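Let me begin by presenting the structure, written as structure tokens, before commenting on it.
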Amino acid sequence: MIRLAATLLVFSFCSSIWGAPFQNGSFELGTITPCNTFNVPAGSTIIAGWTVSIGNIDWEGAPVPACGWQASNGNNSLDLVGTGGVGGIQQTFDTVPGTTYQVSFDMAGNYGAPPVIKPLAVTINGVTTNFTFDTTGKSFNNMGWTTHTLTFVATSTTSTINFVSDVTASGGTLNAGAALDNVRIAGAGAAVSAPIPLSWTHYAAALLVALAAGVLLARRRTGR
């Protein structure tokens with residue numbers, strides 16, 4: 001019983017310090033299967049790993065065009081403006097302080113309503129970079145997805161990335177913003193699709209598990 005309690009204590013400790021690596025960059029996972037899932041409100045977490053940060057967004061799915069437009073990767077993607085002219089989504093994930101990370105994402109735009117030029121603001125740990133996309137000639141099966149990249153240096157054991165599209169200055173129906181898909185984040189020197197490196201707490205947790213297993217095995221062999 002004591003051995004079992006010790007083992008459970010170690011695993012409980014490891015679970016408590018184990019963080020959350022970046023996840024679900026193509027918006028494939030969630031509590032529902034999207035099909036033109038419109039006006040997902042601020043605060044919603046129905047898309048796994050992500051929180052709607054401002055306004056509301058549309059979650060596009062498959063098949064095309066019944067449930068949305070052609071995604072860049074997989075079946076799903078986002079229109080970052082549902083109604084009201086502004087919308088955004090964010091995720092907080094593990095980082096190693098002092099490490100440089102590369103962010104890659106695919107951008108297009110909702111061609112169905114103005115403005116023709118869709119804005120996108122990407123904010124990481126309070127630093128914002130702006131992008132635009134021209135929807136001229138685009139359609140549900142010709143989205144024109146374009147890949148963008150940027151880098152940042154982590155200053156903490158977690159970082160937050162926030163994607164916001166704001167078309168309020170354009171008037172019109174205010175329900176068509178930048179489209180987003182295939183977000184990828186990796187540490188310097190790693191492939192973009194690779195997992196984010198683990199922090200020292202993760203290695204400490206793994207070491208504790210190994211030590212506990214070694215102690216239990218030694219005691220079992222000696223009959224103690």
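Hey, what's the Cα Rg ratio for the stretch 20-198 versus the globular rule of thumb, 2.2 N^0.38 Å? Please list the in-between numbers first.
Numbers: Rg = 15.3 Å, N = 179, 2.2 N^0.38 = 15.8 Å.
Normalised by 2.2 N^0.38 Å, the Cα Rg of the stretch 20-198 equals 0.97.
What's the local net charge at residue 120, with K and R +1, D and E -1, over the other residues with C-beta under 14 Å away?
After counting each charged neighbour, the total is -4.
By the scheme Lys and Arg +1, Asp and Glu -1, what is the net charge of all other residues having a beta-carbon under 11 Å from that of residue 111?
0
Pairs of Cα atoms under 8 Å, at least six residues apart: use those to get the relative contact order of the stretch 52-199, whole percent. Provide the component values of the computation, followed by the final result.
Details: 401 pairs, mean separation 51.7, N = 148.
Across the stretch 52-199, relative contact order equals 35 percent.
Excluding residue 146 itself, what net charge comes from residues whose Cβ is under 14 Å from its Cβ, given Lys and Arg +1 and Asp and Glu -1?
Combined, the nearby Lys, Arg, Asp and Glu give -1.
Which length gain, in nm to one decimal place, applies between residue 188 and residue 169 when the Cα-Cα distance is subtracted from 0.36 nm times their residue separation?
Full-extension gain reported as 3.1 nm.
No lab work stands behind these numbers, since they all come straight from the coordinates. All figures in this text were calculated on a predicted structure; none of them were measured in a lab. Note: ideal-geometry Cβ built from the backbone for every residue, glycine included; neighbour counts use all protein chains shown.
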